[in-house]
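The values are calculated or read from the model by the stated rules, or taken from the named source; none is laboratory data. From a predicted model like this one, the values you see are computed outputs, not experimental measurements. In this analysis, Cβ positions are derived from the backbone assuming ideal geometry, glycine residues included, and neighbour counts consider all displayed protein chains. Note: accessible area is taken over every heavy atom of the protein model, side chains too, but ligands, DNA and RNA are not part of it. Shrake-Rupley method; radii C 1.70, N 1.55, O 1.52, S 1.80 Å.
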Protein chains: 2
Amino acid sequence: VKLYDVSMTIHQGIAVYKNNEGKRPILEITRDFGEGGARESKLTIELHTGTHIDAPLHFVPGGHTVDKYDPAQFIRPCRVLDLTDAETKITRSHLVRKDIAEGDFVLLKTLNSLDNPDQFNPEFVFLAFDGAGYLIERKVSGVGIDALGIERSQPGHETHKSLLGAGIPIIEGLRLADVPEGEYMMSALPLKIRGAEASPARVVLWKP
Amino acid sequence: VKLYDVSMTIHQGIAVYKNNEGKRPILEITRDFGEGGARESKLTIELHTGTHIDAPLHFVPGGHTVDKYDPAQFIRPCRVLDLTDAETKITRSHLVRKDIAEGDFVLLKTLNSLDNPDQFNPEFVFLAFDGAGYLIERKVSGVGIDALGIERSQPGHETHKSLLGAGIPIIEGLRLADVPEGEYMMSALPLKIRGAEASPARVVLWKP
């Protein structure tokens, strides 16, 4: 079976949101071969780094945390939608052509997948509020996108709030350049971090 | 499909190896609703915390790192072996009865799965060097165990060194109490952390 690894590599030079240096992951070696005969290290990571899952608590006060998702929500079929025709944002009009059915877990492939994964693009293509509204209407079971954020330039954060408020999980930071539009199986499990509003995840797709 | 979530929950009170306080994960809130309208946090985690994957570099100088594993090694069939008859360690004699075939990814279920996941048990059941040798002979494709370490009380760390030296991935920190012996599908993907000798992982099993 051919797997598509659609995850970003976590390292200090990875693109971080708005180039905020405080968001860079740090890998620190805490034990090494000279001393105790083994390599051990510690990672400090902002939970929205690289490929990651958002839980409702990210934008909904009192919303549930990432450890409360049913893991079955993240090992399942998904649909990659080619939206490379969207230049700045994905709106309802881009999505209505895609024949989205109830229960689909949709991964939005945009021009972002061509960006350098180590360089933050402040002009990334995002999911507009009306596009999110359409996905909620269609009762999708999840949404992924190839940007570090599913929205920008919307002061009320309406895309995040409407999706997470409707209990729809969001995957951010996908890399979809090599994945043709179509149906796949997906594994995108978040870590089980108690109390956290998000988790980094390794995401892979394959043809069943 | 019924999933078995065989992962430990990551939190500050989780059992850590030898009760080393420096190994406790720390979740720090870096932004909250009062300020910017969203919850964001940062996790500091020793890479051998909870359920995790070891790469060769953990015990083999110059060995490859966790990001170099082919993800296909971690989405695949596996076999849960009931070894609850082993009182202190799993030896060749426990394993020869299990009809292990070339390519099997074996998960060793022991009495450890009954331990409190928030309390380190210094007497945990481990895989003895001769047991590891038998698994290498059988050419298994991976080994998992329900302990934070796959060995203890072996001064040369021969179980780790022989398995990782043979390129066999190790999963530690599984929770298998609820999983009957048998064949399952498994997703156990490590995060893609550049240069790291290990990674936390969410591990789930299901019946195909």
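Below, the figures for the structure above:
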{"read-out": "Residue B:120 - accessible surface, heavy atoms, 1.4 Å probe, Å² rounded to 10", "value": "30 Å²"}
{"read-out": "Mean-position separation - Cα centroids, region A:134-204 and region B:137-208, in angstrom", "value": "29 Å"}
{"read-out": "Average other protein chain Cβ within 10 Å of Cβ, residues A:183-192", "value": "5"}
{"read-out": "Under 20 Å from the residue B:88 label point (7 Å along Cα→beta-carbon), backbone N, region B:5-42", "value": "B:18"}
{"read-out": "The protein assembly as shown: antiparallel DSSP beta bridges as a percent of all, rounded to 5", "value": "65 percent"}
{"read-out": "More than 23 Å apart - percent of Cα-Cα pairs taken over region A:121-208", "value": "26 percent"}
{"read-out": "Size of charge dipole - chain B - debye, nearest 20, with Cβ of Lys, Arg +1 and Asp, Glu -1, no other charges", "value": "380 debye"}
{"read-out": "Calculated P(r) tail over 31 Å for chain A, as whole % of Cα pairs", "value": "16 percent"}
{"read-out": "Region B:1-94 - percent relative contact order, Cα under 8 Å, separation 6 or more", "value": "17 percent"}
{"read-out": "Inter-probe distance in nm under a simple model that places probes 7 Å from Cα toward Cβ, at residue B:102 and residue A:130", "value": "6.1 nm"}
{"read-out": "Inter-chain Cβ neighbour average for residues B:43-53, partner chain, 10 Å", "value": "5"}
{"read-out": "Simple Cβ-charge dipole of the protein assembly as shown, Lys/Arg +1 and Asp/Glu -1, about Cα centre, in debye nearest 20", "value": "260 debye"}
{"read-out": "Sorted largest first, extent of the protein assembly as shown alpha carbons per principal axis (Å)", "value": "65, 40, 37"}
{"read-out": "Share, in percent, of DSSP beta bridges within region B:96-208 that are antiparallel, nearest 5", "value": "40 percent"}
{"read-out": "Alpha-carbon centroid distance for the pair region A:5-28 / region B:78-108, whole angstrom", "value": "39 Å"}
{"read-out": "Charge dipole (debye, nearest 20) of region B:152-191; +1 at Cβ of Lys and Arg, -1 at Cβ of Asp and Glu", "value": "220 debye"}
{"read-out": "Residue of B:84, B:110, B:51 that the Gaussian network model of chain B assigns the largest fluctuation, springs spanning Cα pairs under 10 Å", "value": "B:84"}
